[in-house]
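*Asks:* Following this message is one structure expressed as structure tokens.
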Amino acid sequence: MPLPDELPSTIAIFPLPGALLLPRARLPLHIFEPRYLAMVDDVLKTPARLVGMIQPYEGPGGDQLHSIGCAGRLSAFSETEDGRYMITLSGVSRFRLLHEVEGFTPYRRCDVSWTGFEHDRGSAEKDPDLDRTPFLDLLNRFFRSQGLSTDWDAVREAEDELLINSISMLCPFPPEDKQALLEAPTLPTRRETLVTLIEFALHGGETGEVLQ
């Protein structure tokens with residue numbers, strides 16, 4: 001199902017700490033809360049089928065939302081026998097949150113701007129300065145330290161963007177670090193941020209758990 005020529009100015013928002021979605025990447029989600037089951041039902045009825053993933057944080061007056069998130073198209077959907085949804089979001093574009101929309105839905109909706117993220121909807125990015133051997137060595141040490149496993153053959157063969165974005169989404173960093181990865185303006189900048197976070201973790205920094 002193709003996206004409309006213009007992305008909608010108001011989208012459903014799913015604040016989920018530690019869950020990172022990036023353009024052209026895929027994020028599987030398990031939906032069980034009634035308000036988000038209702039969100040999926042409503043989103044499926046819209047032309048663009050977009051859900052805005054965004055990091056919440058504690059602020060004055062309760063839960064606040066970061067100013068930048070990433071919208072994904074609901075590209076896969078299945079329902080379990082007990083009424084839960086298993087969905088996949090395909091990353092479309094980052095957005096800037098303008099303000100929350102008051103209404104009668106049990107989930108949050110926001111007016112957003114897509115300006116400044118036009119390249120998110122273009123072709124995959126390259127990282128010409130990526131030196132794969134030391135990067136993969138660092139990644140291997142980090143995975144061992146965290147007890148993580150992966151298909152290393154697939155990792156070695158992955159294109160630059162798929163490699164860097166998949167690792168950014170997978171690694172168990174705290175929400176604020178995930179936000180830094182999301183806001184990186186280019187793929188090389190995201191790789192540099194990722195390397196810094198991994199090196200910090202390997203030298204005694206703490207990582208948080210990802211909730212998905």
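*Asks:* When you go through P128, P172 one by one, which is the residue that is assigned to a loop (DSSP other than H, G, I, E, B) and surrounded by fewer than 12 Cβ atoms within 10 Å (Cβ to Cβ)?
*Replies:* Numbers: P172 fails: surrounded by fewer than 12 Cβ atoms within 10 Å (Cβ to Cβ).
It is P128.
*Asks:* So which of L136, L163 ends up being part of a helix (DSSP H, G or I), within 15 Å of the chain's Cα centre (by Cα) and free of Cβ contacts under 8 Å to residues at least 40 places away in the same chain?
*Replies:* L163
*Asks:* Scan the strands (runs of 3 or more DSSP E) fully inside the range 28-98 and keep the ones with 2 or more residues being under 20 Å from S166 (Cβ atoms). Walk me through it before giving the result.
*Replies:* Values: elements: 50-54, 56-59, 62-65, 68-79.
Hits in the range 28-98: 50-54, 68-79.
*Asks:* Looking for whichever is closer than 28 Å to T46 by Cβ and either assigned by TED's automatic domain parsing to the domain that holds E176 or within 21 Å of the chain's Cα centre (by Cα) (or both) here; the options are T105, T80, T115, T150. Which one fits? First the steps, then the outcome.
*Replies:* Numbers: T105 fails: either assigned by TED's automatic domain parsing to the domain that holds E176 or within 21 Å of the chain's Cα centre (by Cα) (or both); T80 fails: either assigned by TED's automatic domain parsing to the domain that holds E176 or within 21 Å of the chain's Cα centre (by Cα) (or both); T150 fails: closer than 28 Å to T46 by Cβ.
Going through T105, T80, T115, T150 in turn, the sole match is T115.
*Asks:* What residue, of A19, A48, A25, A12, is surrounded by 16 or more Cβ atoms within 10 Å (Cβ to Cβ), touching a Gly at 6+ places or on another chain (Cβ under 6 Å), within 30 Å of T189 (Cα to Cα) and touching a residue at least 40 places away in the same chain (Cβ under 8 Å)? Write out each step before concluding.
*Replies:* Working: A19 fails: touching a Gly at 6+ places or on another chain (Cβ under 6 Å); A48 fails: touching a Gly at 6+ places or on another chain (Cβ under 6 Å); A12 fails: touching a Gly at 6+ places or on another chain (Cβ under 6 Å).
The conditions single out A25.
The values are calculated or read from the model by the stated rules, or taken from the named source; none is laboratory data. Predicted model only: the values in this text are computed from it and were never measured. For neighbour counting, all protein chains shown are included, and Cβ atoms are generated from backbone atoms with ideal geometry for every residue, glycine included.
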